[in-house]
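Undergrad: To start, I am sharing the structure in question, which I have written as structure tokens.
The values are calculated or read from the model by the stated rules, or taken from the named source; none is laboratory data. Treat the numbers as computed from the prediction; the structure is a model and nothing was measured. Counting neighbours? That spans all protein chains shown, and the Cβs are built from the backbone with ideal geometry, glycine included. Each accessible area value is taken on the protein alone, full model and side chains, heavy atoms only, with ligands, DNA and RNA left out. Shrake-Rupley method; radii C 1.70, N 1.55, O 1.52, S 1.80 Å.
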Amino acid sequence: MPSEPAYGLAPMFHTMVDFSEKYLERAKDMKNRLAFLRRRNESPGSNPAGKLDKSMKSVKPTPEEALKWGDSLDKLLAHKYGLAAFRAFLRTEFSEENLEFWLACEEYKKIKSQSKMASKAKKIFAEYIAIQSCKEVNLDSYTRDHTKDNLQNVTRSCFDLAQRRIYGLMEKDSYPRFLRSELYSDLINQKKQSSTPTSSSS
């Protein structure tokens, strides 16, 4: 009598092992993704402008120039320092991949060689659009499928719909928050003393 259940236990045991291995794989994948995010933002930077000031001092805008960035996201992205400032802000929000994807699409549209275009298109899709990709951007299933279909016949406009969606997302979501951020506020309120930051009374 005690030996009867042994026949049914073997397949059940294998099923449980398969399930636990899959579960462990998914848990490991999630752990790696979280570790990647943590490394990316190890010092969430109370002041992300610090690094910007050192590396891009030559293109730092005047308060008047920075104020124009409030007109549109286009104006912000067209300015070299504005683009870097927005990227630094997105890094603190864990959404830097949106801007990286948008920039990758801009670069993609400049490619002239068809073969280079095809390999770059695959790379962009694998990095930003494929489900569970390392820098997956937030796209609806229609846009993802539409873009995947476009890869069957690669053209310069392959990513247009996806790029517009992500631009719209940044414009409605991250951009208004950037305009309310301390980083932007410091830029538009900075004193006109580019060469002498601390000594105003001389």
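Undergrad: What are the pairs, 6+ residues apart or on separate chains, where a residue within segment 70-92 that is within 18 Å of residue 59 (Cβ to Cβ) and assigned to a helix (DSSP H, G or I) has its Cβ under 7 Å from a residue that is β-branched (Val, Ile, Thr) and open to solvent by less than 70 Å² (accessible area, probe 1.4 Å)?
TA: Close Cβ pairs satisfying both conditions: 80/59; 81/59.
Undergrad: Now for a separate question. Assess whether residue 125 counts as being outside any loop (DSSP other than H, G, I, E, B) and within 12 Å of the chain's Cα centre (by Cα).
TA: When the stated conditions are applied, residue 125 does not pass them.
Undergrad: Please name all residue pairs, on different chains or six or more residues apart, with Cβ atoms under 6 Å, provided the first residue is in segment 125-148 and is within 12 Å of residue 165 (Cβ to Cβ) and the second residue is open to solvent by 50 Å² or more (accessible area, probe 1.4 Å) and in a helix (DSSP H, G or I).
TA: Every condition considered, the pairs that remain are 139/165; 143/165.
Undergrad: Name the residues in segment 125-134 that are under 21 Å from residue 171 (Cβ atoms) and either exposed (fewer than 15 other Cβ atoms within 10 Å of the Cβ) or in contact with a Ser or Thr (Cβ under 9 Å, 6 or more places away or on another chain) (or both), would you?
TA: Matches in segment 125-134: 129 only.
Yes/no matrix, rows are residues, columns are (1) crowded, with 20+ Cβ neighbours inside 10 Å; (2) at pLDDT 95 or above; (3) outside any loop (DSSP other than H, G, I, E, B); (4) aliphatic (A, V, I, L, M):
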{"residue": "98", "(1), (2), (3), (4)": "yes, yes, yes, no"}
{"residue": "104", "(1), (2), (3), (4)": "no, yes, yes, yes"}
{"residue": "120", "(1), (2), (3), (4)": "no, yes, yes, no"}
{"residue": "142", "(1), (2), (3), (4)": "no, yes, yes, no"}
{"residue": "148", "(1), (2), (3), (4)": "no, yes, yes, no"}
{"residue": "157", "(1), (2), (3), (4)": "no, yes, no, no"}
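Undergrad: Does residue 112 fit the bill of being more than 19 Å from the chain's Cα centre (by Cα), of a type outside the set (Gly, Ala, Ser), surrounded by fewer than 12 Cβ atoms within 10 Å (Cβ to Cβ) and part of a helix (DSSP H, G or I)?
TA: no
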